[in-house]
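A quick write-up on the structure given underneath.
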Amino acid sequence: MGYRVGIDIGGTFTDFALLNGPEVRLFKNLSTPEDRSVGVMNGLARLAAMESLPLADFLAACDAIVHGTTIADNTLIEMNGALTGLITTEGFRDEMEYRRGYKEDIWDVRLAPPKQITPRRRRLTVPERILFDGAVHKALDEDAVRACCRRLKKQNVESVAVSLIFSFVNPVHEKRVAEIVAEEMPGVQISLSHEVLPRAPEYDRTSTTVVNAYVGPRVTSYLERLVSRLQESGYRNRLMVMQASGGVMTREYIEGSPIRVLASGPAGGVIGSAHVGVAKGHRNLLCVDMGGTSYDISMVLNGAAPAVAGWNMHHRYLVGVPMVQVETLGAGGGSICHVNNGELQVGPASAGAAPGPICYGRGGTRPTVTDALLMLGILSAESEFAGGSFSLSRAGVEEAFRALGEQMGYSAEEAAFDCWRVVNANMSQGVRRITAGKGVDPKDMVMLAYGGNGPAFAAIQAEDLGIDRVLVPKASPTFSALGTLVADPSIDEERSYISPAGAIDAGKLRALWAELGERARKYFGDAGFAADTVAARYQMSMRYPGQNWALCFDIKVNRGLDDLSFVDGSIGQRAIELFNERHMQEYGHIRENEMPEITGVRLATFVETPSPTTGKGFGAPTVLARVAKTRRANLGHGFRETAVFLGSELQPGHEVAGPAIIEETFTTIVVYPDWKARVDDAGDYELVRV
Amino acid sequence: MAWMVSAAHPLSGLCGGDPASPYRSRFEVGTPGEYEVELSANARLPAGAVIAYQHGGGAGFGPAILRDPQAVREDVLDEIISVARAREKYGVVFTGTVEDYDLAVDGPATEALRQEMGAATAAAAA
């Protein structure tokens, strides 16, 4: 078996996980924002060198390269996507601007509404009307479509979204619009709502289609560039790309639906967390990922992190495709510390990879969280940083914190300590909002900390939240990259079908699932997976009449895509029972005398692929680890001489009592006072409260 | 039973801004008894009656002729207001057309028109 490489591009670092049999090698280098594929190729060259192979031989020996990219997220953060137009049904021109309320928080007078991807001049309408049952009520006015095209063309539109009312029931008009747009505007990318998100309601569908059109050209050109670089350098297999649903799929599939890579990076980390946590016997995990730019929070409950389709607000746009639920705060190593109206604040602005924290010595002048850690002695200018890619420098750091302290009326060290406290408080607040929203008590969970900065804060976060066990996988700094290797190839799609559950048309259900099954068969087949290796979860979405949201549940899990015999006359009755069970679980009550309605069907398909094995348990005898050195550090209780251990010297069975600092190759683990760390048989760390 | 808000009292402008366009509400639309609600109504409507409700706008803040002409241009390009309305209300004169997306603010003409409008307003106030 050859190599498998997982690659995850973050705002600051590009992370690599190389799997060779059961062995995992990690690497990270700085991202290259001007052309991210450059950073990828640089890192691959380093990996090849580590394996003592020329790049071409290394790539030829790779069975799979799996990639998680933030290109779509960055496009939405920076709002630099394609110049996008929207063609929609007469009367629906302004729906994208009404949204679900003009802005997310109507009480915040300072919050401006989001920038329109398609301002009104590029949102044009055509007379046509298809009814809820698919009947054509008003024929499509083709001349109006051509007139729209001319107007969009005059505005140099590069990408066109088409979203007509009830197109998901009958796409005939949308398909015709696509033909006309292709004739009138050769070369533009076209996103059709009945393909991107074929379901009600129309605002969700339109918003998702518009975002798809906006990020699509950036995603496809990036992937094409990367694939051609990989091929030129000797890679012969398919590039697999991480999706927000937590599964990977071929580049060809992604190009048909680029929006599916939005939020895919963090999803890789969550999938990796579930894999590691479950292997170690922990089924309820609070996963926190603190990198250079952001702090991502997610939960694994009962061993799984299911993808939720529907209400996913992403960078202020509604995106309806399935996503693993990850909440993001602007709190990372690069988060900038500043004083605002007499209040010390950290983030959400980040110094990113360029110019970076002051201590990176790359021109950064504003103090960041990483600089605060250096001031506190948690990081050291004498130690290697990021695996020896460069060293930190104290030049300018102290001055910056002194300036901050002067505004607050205290010393530079006190300012750095306050920054540490503020960023901690921000993160704990973020976690509580999410656990409380789900009715979960963090006390019952194990924290899994990753990302370059996660392990420096994990135990203190845990203490704040009442958690007394923290896992820090050896692979934690490049965990999202490892997660892309754990993730299975998968396709998760839905179709709309609205009917009272008591009057379901089994033939219609069968036809919809067969259609989804055919798509899965095609794309898995192209990727080299036979249909009988595909596992299929047939799911239904249902709600009580009058409810806004539907709940989704499995009605059948099969191997292979052929057996639809479960769709029989009794499926409605079974669906009602399963729905009530799910409703009880989610909301704690059911409405016994009401007939729920089905809103759609979903088919989640995946193929199990080999994952890195994860050791478990503590077989090795416990021995105290050797202190490598000491340094002056403040771990929350004032500055004192603190023991420092080297991760490279720690073996399974080693124990480190806090207060202590463990310097790993790509991260620093802080063992706070009243905590101890142990290395398990896999070389992963477990921190427990004494 | 239906209640409606007043069409006679639109939101007031502030600091010299104009009042908003008012809410418009009509009851029993499409029947001989159709009527517009001027101030308020607390009416018992027959089953199946149609109500038409048109949301009013937001009011102005500051005199319209002081609004940034480029912001007015954006509104015209977005077809929120017409070229004619931009001229009559905001005193902005354009060259080019909305259809060709080459609309540009005619600076001197806008300046002259706004001066004229300002003088007229001052005269009316005096």
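On full extension, the segment bounded by A:Glu518 and A:Glu343 gains 57.2 nm, given 0.36 nm per residue less the C-alpha separation.
If you take the Cα centroid of the stretch A:141-191 and the Cα centroid of the stretch A:47-61, the two points sit 47 Å apart.
For the stretch B:1-62, the dipole from Cβ point charges (+1 on Lys and Arg, -1 on Asp and Glu) about the Cα centre works out to 120 debye, to the nearest 20. Shape analysis of chain A yields a ratio of the Cα radius of gyration to the Kirkwood radius, Rg/Rh, of 0.98. Of all DSSP beta bridges confined to the stretch A:623-689, the antiparallel ones make up roughly 75%. With distances taken between every two different alpha-carbon atoms, the stretch B:64-125 has a Kirkwood hydrodynamic radius of 11.7 Å. Considering only the protein assembly as shown, what is the antiparallel percent among its DSSP beta bridges, to the nearest 5? Close to 75 percent.
Placing a label point 7 Å from the Cα of A:Asp505 along the Cα-to-Cβ line, the residues of the stretch A:561-580 whose backbone N sits under 18 Å from it are A:567-573.
In the stretch B:1-62, a dipole from Cβ-located charges (positive for Lys and Arg, negative for Asp and Glu) runs towards its positive end, and of B:Val50, B:Ala20, B:Thr31 it is B:Val50 whose Cα lies farthest in that direction. Overall shape of the stretch A:52-194 was characterised from the C-alpha gyration tensor. The equivalent ellipsoid obtained from it has semi-axes of 34, 24, 16 Å, in decreasing order.
Summarising the strand pairing of chain B, around 90 percent of its internal DSSP beta bridges are antiparallel. For the stretch A:351-357, the Karplus equation 6.51 cos²θ - 1.76 cosθ + 1.60, evaluated at θ = phi - 60°, returns couplings of 7, x, 7, 9, x, x, x Hz by residue, with Gly and Pro reported as x. Mean residue ellipticity, 222 nm, helices only, the protein assembly as shown: the sum of -39500 (n - 2.57) across DSSP H runs of n ≥ 4, divided by residue count and rounded to 500, is -10000 deg cm²/dmol.
Each Lys and Arg Cβ is given +1 and each Asp and Glu Cβ -1; about its Cα centre, the protein assembly as shown then shows a dipole of about 320 debye. Amide H contacts for A:Thr630 (H built 1.01 Å from N in the peptide plane; partners 5 or more residues away or on another chain; cut-off under 5 Å): A:Val644. What the phi angles of the stretch A:115-131 give under the Karplus curve with 6.51, -1.76 and 1.60, with θ = phi - 60°, is a coupling list of 5, 6, 5, 10, x, 3, 5, 9, 10, 10, 10, 10, x, 4, 7, 10, 8 Hz, glycine and proline written as x. Applying a 4.7 Å cutoff between beta carbons, the unpaired cysteines of chain A are A:Cys62, A:Cys148, A:Cys149, A:Cys287, A:Cys359, A:Cys552.
Treating r as the C-beta distance of A:Glu655 and A:Arg631 and R0 as 22 Å, the FRET efficiency rounds to 0.60. Taking 0.36 nm per residue of sequence separation and removing the Cα-Cα distance, the A:Asp63/A:Met79 pair yields an extension gain of 2.2 nm. The distance linking the stretch B:52-102 with the stretch A:255-334 is 44 Å (Cα centroid to Cα centroid, whole angstrom). The HN-Hα couplings worked out from phi for the stretch A:85-95 by the Karplus form 6.51 cos²θ - 1.76 cosθ + 1.60 (θ = phi - 60°) are x, 10, 10, 9, 6, 3, x, 10, 4, 9, 4 Hz, whole numbers, x standing for Gly and Pro.
Each peptide in B:36-47, A:353-364 was scored by the mean count of other Cβ atoms within 10 Å over its residues; highest first, the order is A:353-364, B:36-47.
Applying D = kT/(6 pi eta Rh) to the stretch A:623-689, where Rh is the Kirkwood radius over alpha-carbon pairs, T corresponds to 25 °C and eta to 0.890 mPa s, the Stokes-Einstein value obtained is 208 µm²/s. Put a plus charge on the Cβ of each Lys and Arg, a minus charge on the Cβ of each Asp and Glu, and nothing anywhere else: the dipole of chain B about its Cα centre is then about 540 debye. Past the 27 Å Cα-Cα mark, which pairs from A:Lys153/A:Lys175; A:Lys28/A:Lys438; A:Lys438/A:Lys676; A:Lys103/A:Lys508? Going by Cα-Cα distance, A:Lys28/A:Lys438; A:Lys438/A:Lys676; A:Lys103/A:Lys508 fall outside the 27 Å limit. Inter-label distance, A:Asn20 to A:Asp526: 3.3 nm, where each label sits 7 Å from its Cα along the C-beta direction.
Angle of helix A:36-50 to the longest C-alpha principal axis of chain A, folded into 0 to 90 degrees and rounded to 10: 50°. The share of alpha-carbon pairs in chain B lying farther apart than 19 Å comes to 61%. Among the chymotrypsin sites (Phe, Trp or Tyr not before Pro) in the stretch A:67-147, those located in a DSSP loop and surrounded by at most 13 other Cβ atoms within 10 Å of their own Cβ are A:Tyr102, A:Trp107, A:Phe132.
Laboratory data are not the source of any read-out in this text; all were calculated from the coordinates shown. On a predicted model such as this, the values are computed, not experimentally measured, just so you know. So basically every Cβ, Gly included, is an ideal-geometry build from the backbone, and we count neighbours across all protein chains shown.
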